[in-house]
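The values are calculated or read from the model by the stated rules, or taken from the named source; none is laboratory data. Owing to the predicted nature of the structure, the values given are computational and were not obtained by experimental measurement. No Cβ is skipped: glycine too gets one built from the backbone with ideal geometry, and neighbour counts run over all protein chains shown. With ligands, DNA and RNA removed, areas are computed over all heavy atoms of the protein, side chains included. Shrake-Rupley method; radii C 1.70, N 1.55, O 1.52, S 1.80 Å.
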Amino acid sequence: MKTRIKNILREKPVGQPVALAGWVRTRRDTGSFSFIEINDGSCLANLQILADEKLSNYASDIKQLSTGSSVMVAGVLQKSPAKGQDVELQASQLTVIGTADPETYPLQKKRHSFEFLRELAHLRPRTNALGAVSRVRSRLSYAVHQFFQERDFVQVHTPIITTSDCEGAGEMFIVSTGQEKNKAEHFFGRSAGLTVSGQLQAEVYALALGDVYTFGPTFRAENSNTSRHLSEFWMLEPEMAFCDLQGNMAIATEMLKYLLNDAMSNCPEDMQLFDKFIEKGLLDKLRGVVEKEFAHITYSEAVDRLEKAKKDFVYPVKWGLDLQSEHERYLSEEVFQCPLIVTDYPASIKPFYMRVNDDKKTVAAMDILVPGIGEIVGGSQREERYDVLEARMIEAGIELADYAWYMDLRRYGSVPHSGFGLGFERLVQFVTGMANIREVIAFPRAPGSAPC
Ligand code: 4AD
Ligand code: MG
């Protein structure tokens, strides 16, 4: 049975036999020995293997080992006299599983740029940084479930193929067999697309089970080639019955703090790597977010601040226009220097399902903006009043018949309810400090780009 390096380094069973398997990072020969650094992906650290010339395949295999080859090693763990490591493995057997031609293996010892690595989506998880991102992402995903399960939220698997464009922005990818000649021939009897959000379906379950969440892939055919947009991304969407905007903001804030804490406590080595090499001061930033209250202003106050700012923005600022990333970042990075919740946006720039405020001009929306990223969470209280919702849908040009099921939720036992969407990759970006969103998802899909 092989042991993972993470466990070996945690338990340090000195004097005990150990077997492991992994990929060679480096090999160094000195006299009658070779030192081989192995990484098996379980943690950032490598384990140093000592291979002695007495091993039967020393000259034939071990001295030929190059970066990227895969090996299985058995031996006895011993204390290491070398600096920077406590233990090393004295190999009694080292088997080469797969070689990697050093002439062509693209991941050499030097540091590669993330742009270069993006072209190697199939090999980049073998690098320190991308391996660390993968582990932190996995941990954050686990923590998301833990947070909601601990609070008795029920996970709902909402559909990936859907006939409703939740956000109403016309950014759906259409699902087609490629054979349809007319509407009647659509595979589903009508036009369907990939989901842009599971919210509307999550609302159905919230109005039966109380507190629910959906967490899965989401697709948007928006032509945004930025460091914060993907065509396929993961979104977490909790939805809570008997919950207003205040309750919604409270749970979103608690969740964000919980997730940051979880990553810092459970991935300390990976987080230190990010702090040292990716974003200096990252850990202090995250600790600050966990400890401080989030700032809170209304959209109207935000516009006021932006209009008075002594700064040249590319996009205009005016009441009624949506906030752009540069505005969001200015507010969270320069004005408040911490996460910021902006509420009560103009109804005209927000989707039909958001609850209309008493002023009839704004809706009970909330976006959470964080330094370096901008919008990380978008949510709202939902319109639970049948007549108001109907009027909003007509205004938005929505075919009411297609949403009869959604309207039924307001006809039968309607309740105030709220929810939000957390862009999971934006969270991973915020936690790891990675500048580009394409580094925090295994196989990024963006306009003009879908390798693998
Ligand atoms: O603000 P959005 O569009 O909200 C919704 O979809 C709601 N239905 C959520 C809800 O209330 N249940 O998207 C939510 C979040 C954004 O704040 C952002 O973090 C992320 O999803 N997001 C993207 N992330 C990566 N690439 C994209 N193209 C994204 N579009 C949105
Ligand atoms: Mg939004």
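What the table shows:
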| read-out | value |
| --- | --- |
| Area of SER191 that stays accessible when all protein chains are in place (1.4 Å probe, Å², to 10) | 50 |
| Calculated P(r) of the chain - Cα pairs past 31 Å, % | 51 |
| Ordering of 196-206, 217-227, 431-441, 309-319 by burial proxy (mean other Cβ atoms within 10 Å per residue, highest first) | 196-206, 431-441, 217-227, 309-319 |
| Inverse of mean 1/r across different Cα pairs in region 5-105, Kirkwood, Å | 13.5 |
| Within the chain, helix-based [θ] at 222 nm, where runs of 4 or more DSSP H residues each add -39,500 (n - 2.57), nearest 500 | -8500 deg cm²/dmol |
| Distance from region 208-235 to region 1-53 (C-alpha centre basis), Å | 40 |
| Evaluated at q = 0.17, 0.20 Å⁻¹: base-10 log I(q)/I(0), Debye formula over Cα of region 51-155 | -1.00, -1.11 |
| Surface per residue (accessible, 1.4 Å probe) for the chain, Å² | 48 |
| Relative packing of peptides 57-69, 356-368 - highest average C-beta neighbours within 10 Å first | 356-368, 57-69 |
